[in-house]
1. Give the residue that is surrounded by the most Cβ atoms within 10 Å (Cβ to Cβ), with candidates limited to residues of region 141-182 that are of a type in the set (S, T, N, Q) and not in a loop (DSSP other than H, G, I, E, B).
2. Please work out if Phe60 is closer than 20 Å to Ile36 by Cα, crowded, with 18+ Cβ neighbours inside 10 Å, under 27 Å from the mean Cα position of the chain (by Cα) and not assigned by TED's automatic domain parsing to the domain that holds Leu128.
3. Tally time: how many residues in region 187-201 are part of a helix (DSSP H, G or I) and surrounded by fewer than 17 Cβ atoms within 10 Å (Cβ to Cβ)?
4. Return only the number of the condition from (1) surrounded by fewer than 16 Cβ atoms within 10 Å (Cβ to Cβ); (2) within 15 Å of the chain's Cα centre (by Cα) that His136 does not satisfy.
5. Would you please name the residue that is nearest to the chain's Cα centre (by Cα), looking only at residues in region 24-39 that are in contact (Cβ under 8 Å) with a residue 24 or more places away in the chain and either farther than 17 Å from Thr69 by Cβ or surrounded by 13 or more Cβ atoms within 10 Å (Cβ to Cβ) (or both)?
6. Just the residues that are in contact (Cβ under 8 Å) with a residue 40 or more places away in the chain and under 19 Å from the mean Cα position of the chain (by Cα), please, taken from region 264-279.
7. Go over the candidates Leu116, Leu85, Leu128 one by one and state the one that is crowded, with 17+ Cβ neighbours inside 10 Å and without any contact (Cβ under 8 Å) to a residue 24 or more places away in the chain.
8. Look through region 280-316, keep the residues that are under 24 Å from the mean Cα position of the chain (by Cα) and among the hydroxyl-bearing types (Ser, Thr, Tyr), and return whichever of them is nearest to His198 (Cα to Cα).
Amino acid sequence: MDTWLQPVFTDLLENKKFSDCLIVVEPETFDCHKVILASASEFFERMFLGDFKESRCGQFIVNDVKPETFKYFLEYIYTYNIKNLKKYNSTILMDLLVVGTKWLVASLQSDCVKLLTERAKAMTIGDLLELFQGAHKSLIDVAKKNLKERYKERMNCYEALMLTSDVFEKYLIVTDGYMEEVERFKMIQAYVNVNGLHVAETSDYSGDAEPDKNEASGVIEIEDVNKVGEGIRKELCEVKPVGDTATKAVELDVGDQQEMKLKAIHSKYVRTLLGYINYENMTKAQFFEVVGKSSLLDFKEKFEKFNLTAEWQYED
């Protein structure tokens, strides 16, 4: 847009001159101009041309956006002034990038990407993870690069536990080679705990002698490091069938069936996360102190993974 038109269009927005549509972003409303929104966004063009009752009455409801974000969106498309974007914090820019992508405003996307790329060099790890969470294809590599270069020793952080499940999986993959393997396992354990994920009990202890409580739950104690590896090799945990779940499911009410389905989804997801752990990059000491005490693996799995680990190493 020519610079001489910017104050003209800004005046239209501020004074609501000649507005011909009302955009409802609950709980607020915005007086706008169809021609400006439609020329900026194919999304709004289709909305205004659609054969809906909203098109006839001039009032349109827009969901999945905060009123504050929509206000900043309007300020941009009425002026196309990138200087206004520079005044906003990174969170607002990420929100604008989302709506710019969703509403097909190419210039808003490119301007937000440009500014966020510049700011990434000075972002905190929390802001970088928020950038990573946004998962915009142009910024994922930017976030990954800065995380690895500046925060590789702090990648196991609280902010990572707040990521959505799909993004956390991608983040776990990114940490491969930049975090100690035992720290990656700890991060999975923390994510499961913080987000209340269900992990299926896959087995019980099986052997001639009656197991203690720790062994029954899959926990391995390091009481005698010279004997414990030998003990694991002698006793394997058998996976016991739970029963005819198909028959039992008929007897359960809808709530119980939904809970079972949720637990199954959670367990499958946790198994997927554990599949990214390279146990051969752990020492046996690390394995016993962390994995051995975790409930994420059953006894049989621990035995199998234990055989992959490196020799005992203790720090002085």
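1. If we filter region 141-182 for residues that are of a type in the set (S, T, N, Q), which is where we start, we get 146, 156, 164-165, 175.
Of the ones still in play, those that are also not in a loop (DSSP other than H, G, I, E, B) are 146, 165.
Details: Asn146: 20, Ser165: 14.
The qualifying residue surrounded by the most Cβ atoms within 10 Å (Cβ to Cβ) is Asn146.
2. On the way: closer than 20 Å to Ile36 by Cα: yes; crowded, with 18+ Cβ neighbours inside 10 Å: yes; under 27 Å from the mean Cα position of the chain (by Cα): no; not assigned by TED's automatic domain parsing to the domain that holds Leu128: yes.
Spelling it out, it is not the case that Phe60 is closer than 20 Å to Ile36 by Cα, crowded, with 18+ Cβ neighbours inside 10 Å, under 27 Å from the mean Cα position of the chain (by Cα) and not assigned by TED's automatic domain parsing to the domain that holds Leu128.
3. Result for region 187-201: 3.
4. (1)
5. Val25
6. Taking region 264-279 as the starting set, the residues that turn out to be in contact (Cβ under 8 Å) with a residue 40 or more places away in the chain are 264, 266-267, 269-270, 272-274, 276-279.
Passing the criteria: His266, Ser267, Tyr269, Val270, Thr272, Leu273, Leu274, Tyr276, Ile277.
7. On the way: Leu116 fails: without any contact (Cβ under 8 Å) to a residue 24 or more places away in the chain; Leu85 fails: without any contact (Cβ under 8 Å) to a residue 24 or more places away in the chain.
Answer to the check: Leu128.
8. Checked region 280-316; the qualifying residue nearest to His198 (Cα to Cα) is Ser295.
The values are calculated or read from the model by the stated rules, or taken from the named source; none is laboratory data. In this text the structure is predicted, and so the values were computed from the model without any measurement. Every residue, glycine among them, receives a Cβ derived from its backbone with ideal geometry; neighbour counts consider all protein chains shown.
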